[in-house]
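See below for the structure under consideration.
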Amino acid sequence: MVAKLTTRVTQPDRTAMRAAARVLRAGGLVAFPTETVYGLGADAANGEAVARLYAAKGRPRFNPLIAHVIDAATAGRIGVFNAAAAKLAAAFWPGPLTLVVPQQSGCPVSALATAGLDTIALRVPDHPVAQGILAAFGGPVVAPSANRSGHVSPTSAAHVLADLRDRIDLIVNGGATAIGVESTIVACIDGTPVLLRPGGLAREAIEASLGQALAIPEQTTHGDEDAPLAPGQLASHYAPRARLRLNATLIESDEALLAFGPDVLPGTESLQHMLNLSPRGDTIEAAANLFAHLRALDAFRPDAIAVMRIPAGGLGEAINDRLRRAAAPRAVSTG
Ligand code: TXA
Ligand code: MG
């Protein structure tokens, strides 16, 4: 099947939703917007469709996927929610939070999608198009970010096309995504909830809701060396072609600049290529622009992209996490 761009829909458009559901039922791959980034969706219960999804992304098989569901009640039939998980689901769903919980017995999600783990990552997206597709399809949809493994996550339909044209069946174009970084992932299994990946929901909001600090993941595995707890946390992820130089305080020749805030760095006058994540210094605006600006600067093929310092709080935690990974020495990437 050939990838085709549908007309742009920001509100649920019944024809587009039904087309997406038909492709999913037939075992095909549909890219669609969420509030965080574009996802590449497959029928979570269909192992062959999931295998096709890994192949389209070029993603190693051991990296488990997030199952997207329409509401918390549906999530509760797939995963086991302890008190902390139930509290977070009630406070933040729909929204940019993924909860990793034990699977219910008879969990319909294919073992390939969960990489054989006995836990499952669940998320209720807060986007009318994603919700519309889930309603039309009527079951869980696994969806990693709709990029080739190791590339930056897509925040527009054009990014999806650039990476996955001819490898997927349909893109539902809902315009640019609002949040721009992936969901925050919290594991609620036993004991203190663990922050597996900082993301579009600030840690501070989660900790305030729980009334306790989130734990840091142990660098342990699920018995298998190839199955880290949050494989997306492997180094060298979200990588542009250009080298990234973080916390830059001046610009060198042949660099592009990813700026943040109102301050102007020495050397900026002679710069060819500069984009500002948020001229007013707002980490929410910066997160929304992060991946699109990285792609745009990388397209000029600079030697390096100098990145100004981003504050640590709020969505700054997720932004700095993605920038550190993008700057890490290149290794096998994991999607
Ligand atoms: O915002 C998002 O989360 C986007 C949109 C499309 O929903 N999705 C996304 O998916 O970022 P992906 O596949 O790129 O990242 C999923 C992360 C990976 O780091 C994976 O290792 C982790 O979730 N994960 C999935 N299942 C897990 C599990 N059972 N235990 C621990 N980590 C898990
Ligand atoms: Mg990804």
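The values are calculated or read from the model by the stated rules, or taken from the named source; none is laboratory data. The structure presented is a predicted model; accordingly, all values stated were derived computationally and were not measured. A quick note on method: Cβ atoms are made from the backbone with ideal geometry, for glycine too, and the neighbour counts reach across all protein chains shown.
Descriptive notes on the structure:
- Complete set of residues in the stretch 166-190 that are hydrophobic (A, V, I, L, M, F, W, C) and away from ligand 2 (no atom under 16 Å from the Cβ): LEU170, ILE171, VAL172, ALA176, ALA178, VAL186, ALA187, CYS188, ILE189
- Only one of ASN289, ASN320, ASN276 that is touching a strand residue (DSSP E or B) at 6+ places or on another chain (Cβ under 7 Å), of a type in the set (S, T, N, Q) and surrounded by 14 or more Cβ atoms within 10 Å (Cβ to Cβ): ASN276
- Residue in the stretch 27-42 that is nearest to ligand 2 (Cβ to nearest atom), counting only those that are small (Gly, Ala, Ser) and either outside any loop (DSSP other than H, G, I, E, B) or in contact with a Leu (Cβ under 8 Å, 6 or more places away or on another chain) (or both): GLY39
- When restricted to residues that are touching a Lys or Arg at 6+ places or on another chain (Cβ under 8 Å) and farther than 19 Å from ASN320 by Cβ, the stretch 183-209 contains 1.
- Subset of the stretch 98-118 that is away from ligand 2 (no atom under 16 Å from the Cβ) and touching a Leu at 6+ places or on another chain (Cβ under 7 Å) - its residue that is nearest to THR36 (Cα to Cα): LEU99
- Filtered by the rule that a residue be of a type outside the set (Lys, Arg) and assigned to a strand (DSSP E or B), the stretch 236-281 gives LEU244, GLU255, ALA256, LEU257, LEU258, ALA259, MET274, LEU275, ASN276.
- Some residue of the stretch 176-185 being outside any loop (DSSP other than H, G, I, E, B) and either modelled with pLDDT of 90 or more or out of contact with any helix residue (DSSP H, G or I) (no Cβ under 7 Å at 6 or more places or on another chain) (or both): yes
- Qualifying positions in the stretch 41-70 - acidic (Asp, Glu) and crowded, with 24+ Cβ neighbours inside 10 Å: ASP43
- Filter result (crowded, with 20+ Cβ neighbours inside 10 Å and at pLDDT 95 or above) within the stretch 303-315: ILE305, ALA306, VAL307, ILE310
- Of the numbered criteria (1) crowded, with 24+ Cβ neighbours inside 10 Å; (2) at pLDDT below 95, the one ARG123 fails is (2).
- Filter pass, ALA135 being modelled with pLDDT under 95 and either surrounded by fewer than 24 Cβ atoms within 10 Å (Cβ to Cβ) or touching a Leu at 6+ places or on another chain (Cβ under 6 Å) (or both): no
- The number of residues in the stretch 283-327 that are of a type in the set (Phe, Trp, Tyr) and outside any helix (DSSP H, G or I) comes to 1.
- Residues of the stretch 137-161 classified as away from ligand 2 (no atom under 15 Å from the Cβ) and in contact (Cβ under 8 Å) with a residue 60 or more places away in the chain, total: 8
- Selected residue [surrounded by 24 or more Cβ atoms within 10 Å (Cβ to Cβ) and hydroxyl-bearing (Ser, Thr, Tyr)] from SER183, SER149, SER156, SER209: SER183
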